[in-house]
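Participant: Here you go, one structure.
The values are calculated or read from the model by the stated rules, or taken from the named source; none is laboratory data. Keep in mind that what you see is a predicted model, and the values were worked out from it rather than measured. Here Cβ is always computed from backbone atoms with ideal geometry, including for glycine, and neighbour counts include all displayed protein chains. These accessible areas exclude ligands, DNA and RNA; they are computed on the full protein's heavy atoms, side chains included. Shrake-Rupley method; radii C 1.70, N 1.55, O 1.52, S 1.80 Å.
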Amino acid sequence: MLKKFVDPLPILKTIRPTSHIQNVPFYEVTMQETFQKLHRDLPPTKVWGYNGQYPGPTFHVQRHQPIHVLWKNALPERHFLPIDTTVHGAKKNNPEVRTVVHLHGGVTPDTSDGYPEAWFTRNFRKVGPHFTHRLYTYPNHQPATNLWYHDHAMGITRLNIYAGLAGMYIIHDREETRLNLPCGPFDIPLIIQDRSFHEDGRLFYPSVQDKTAAAPRPSVVPEFLGDTILVNGKVWPYVNLEPRRYRFRILNGSNSRFYRLTLSNGAPFIQIGTDQGLLESPIRVPSLILAPAERADVIVDFSTCFGESIVLQNEYERKGEKPNPETTGSVMQFRVVNSLTCRDESSIPVHLAPVPKLTQYQQKRTLRLNMRKDSYGRNIHLLDDRLWSEPVSAIPKLGQTEIWTLINETQEIHPIHLHLVRFQILDRQPFDRDVFEEEGRIVSTGPRVPPALNERGWKDTVRANPGEVTRIIIPFGPYPGLFVWHCHILEHEDYEMMRPYMVTR
Ligand code: C2O
Ligand code: CU
Ligand code: CU
């Protein structure tokens with residue numbers, strides 16, 4: 001077993017533009033294979049990184065300042081993780097290593113959004129059926145928030161992200177800067193991911209889901225849970241801190257794993273932001289639940305903790321069981337051992353940003369989250385009871401607001417994400433599964449539950465609980481075009497739990 005808290009937390013590098021095109025910063029990012037030490041006692045691990053770094057370098061951009069990014073693929077022709085060629089988009093005659101970058105949470109025109117079928121191979125030798133152009137542009141018109149970029153290639157997203165293709169993208173704005181939140185070295189992005197390893201340091205990813213002879217090999221698996229937790233690309237790291245307030249921008253970048261984060265000294269997190277930016281006011285939370293792709297922007301006050309070592313723990317229960325504190329129950333360690341370099345003059349203002357509550361809408365849409373069996377007896381998760389390849393069925397009008405009612409008929413939580421937009425959660429309500437199955441009617445079995453306090457901000461990913469109806473309200477815009485929505489459990493997304501949607505004029 002790997003020893004915990006022996007490697008320092010990597011502080012992710014900021015990427016700089018290589019030039020400017022008519023005053024617009026231009027960045028060049030190359031996806032490369034590299035070997036990286038992920039733990040003191042592991043030999044270097046083969047990973048795929050943006051600019052050869054896992055996780056990729058962090059973008060820091062200013063609101064209203066657009067940027068261009070040229071994403072280039074310089075990866076090998078062969079994948080090092082097990083590809084299931086029965087999965088849509090990963091057929092045998094397709095090139096094995098395909099990539100396309102999506103800025104998660106970005107309000108981006110579709111031609112730069114990274115449509116799963118807009119993939120490209122090494123040196124753009126081959127491109128997917130939806131490929132439009134090489135140079136992406138991010139307008140950055142949205143308020144300050146924490147986004148992330150990651151691979152989105154059809155049928156192999158789970159493998160490409162697992163290989164290392166993910167990084168942070170932070171939008172700053174004047175309003176937020178004025179709040180005087182902890183900044184500079186006291187503002188630390190944390191990307192949490194789980195991984196498993198072979199003895200020799202190679203990444204382990206399962207190639208069969210069960211031993212049924214009928215299933216193809218390799219086969220997509222229903223979910224992936226690693227046995228170690230990495231933060232910013234190190235297994236169970238530690239970081240030395242000063243006794244003061246810190247801001248942590250936390251991203252769950254795992255394939256399938258959910259976290260419920262707590263601090264071992266019992267201190268609360270002061271949550272200031274959600275997926276899509278600041279909350280109206282700070283909220284003290286004893287624990288933070290994060291599904292894959294969800295973010296939490298928090299402040300932790302260590303001012304009275306000098307000399308202490310505090311563990312960031314994971315207490316997320318699966319099937320009634322807490323994770324083992326010796327392994328996946330631990331995330332990283334904060335050591336408050338450095339003396340103050342300067343007085344902490346940051347503040348946590350009572351008012352952060354206005355979050356006007358959406359109530360008006362023009363359209364309602366009811367969408368099922370359900371499951372079928374494939375010809376090998378494996379579960380296929382579906383949205384709207386349709387396969388990816390079926391015609392577009394959700395066609396919102398540009399500028400209109402819709403309420404989406406998500407009916408989760410399955411036994412699991414699905415973190416549902418929509419590209420292009422930000423939305424608000426209205427409520428969740430349990431329904432009678434039997435009546436729904438037999439008559440297709442929704443009969444609720446309990447009250448409508450409003451979202452948790454720390455979910456009452458702008459979101460781009462929402463947890464849809466099993467046996468519940470989750471309602472979200474979504475303004476569609478500002479760009480028309482073809483986008484996708486999907487479950488962010490990557491093993492679900494890759495196996496049919498993703499659908500196109502189109503915003504029309
Ligand atoms: Cu985080 Cu469609 O993506
Ligand atoms: Cu996205
Ligand atoms: Cu799912």
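Participant: Look through L398, L406 and report the one residue that is away from ligand 3 (no atom under 16 Å from the Cβ) and more than 16 Å from R295 (Cα to Cα).
Facilitator: On inspection, the qualifying residue turns out to be L398.
Participant: Got a sec? Which of T359, T327, T304 is open to solvent by 80 Å² or more (accessible area, probe 1.4 Å), part of a loop (DSSP other than H, G, I, E, B), farther than 30 Å from G467 by Cα and not small (G, A, S)?
Facilitator: T304
Participant: Within the stretch 411-427, can you find the residues that are open to solvent by 10 Å² or more (accessible area, probe 1.4 Å), within 16 Å of ligand 3 (Cβ to nearest atom) and either out of contact with any strand residue (DSSP E or B) (no Cβ under 9 Å at 6 or more places or on another chain) or not polar (S, T, N, Q) (or both)? Walk me through it before giving the result.
Facilitator: First, pick out the residues of the stretch 411-427 that are open to solvent by 10 Å² or more (accessible area, probe 1.4 Å): 411-413, 422, 424-427.
Pick out the ones that are also within 16 Å of ligand 3 (Cβ to nearest atom) and you get 411-413.
Of everything in the stretch 411-427, those that are open to solvent by 10 Å² or more (accessible area, probe 1.4 Å), within 16 Å of ligand 3 (Cβ to nearest atom) and either out of contact with any strand residue (DSSP E or B) (no Cβ under 9 Å at 6 or more places or on another chain) or not polar (S, T, N, Q) (or both) turn out to be E412, I413.
Participant: Another one. Whether any residue in the stretch 228-236 is closer than 30 Å to E496 by Cβ, at pLDDT 95 or above and surrounded by fewer than 24 Cβ atoms within 10 Å (Cβ to Cβ) is what I want to check.
Facilitator: For the stretch 228-236, residues closer than 30 Å to E496 by Cβ, at pLDDT 95 or above and surrounded by fewer than 24 Cβ atoms within 10 Å (Cβ to Cβ): present.
Participant: Related question: Would you say T121 is over 26 Å from I416 (Cα atoms), in contact (Cβ under 8 Å) with a residue 40 or more places away in the chain and among the hydroxyl-bearing types (S, T, Y)?
Facilitator: In short, yes.
Participant: Restricting attention to the stretch 372-410, and to residues there that are of a type in the set (V, I, T) and outside any strand (DSSP E or B), which single residue is least open to solvent (accessible area, probe 1.4 Å)?
Facilitator: Step by step, filter the stretch 372-410, then rank; the result is T410.
Participant: For N252, indicate whether it is crowded, with 20+ Cβ neighbours inside 10 Å and touching an Asp or Glu at 6+ places or on another chain (Cβ under 7 Å).
Facilitator: In short, yes.
Participant: Could you name every one of the strands (runs of 3 or more DSSP E) located completely within the stretch 1-106 that has at least 3 residues being modelled with pLDDT of 95 or more and surrounded by 19 or more Cβ atoms within 10 Å (Cβ to Cβ)?
Facilitator: 24-36, 45-50, 67-73, 101-104
Participant: Please determine whether any residue of the stretch 439-452 is basic (K, R), assigned by TED's automatic domain parsing to the domain that holds R378 and more than 16 Å from ligand 2 (Cβ to nearest atom).
Facilitator: Yes, the stretch 439-452 contains at least one residue that is basic (K, R), assigned by TED's automatic domain parsing to the domain that holds R378 and more than 16 Å from ligand 2 (Cβ to nearest atom).
Residues checked against (1) touching a residue at least 40 places away in the same chain (Cβ under 8 Å); (2) among the small types (G, A, S):
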residue: R295; (1), (2): yes, no
residue: C305; (1), (2): yes, no
residue: E317; (1), (2): yes, no
residue: G320; (1), (2): no, yes
residue: P323; (1), (2): no, no
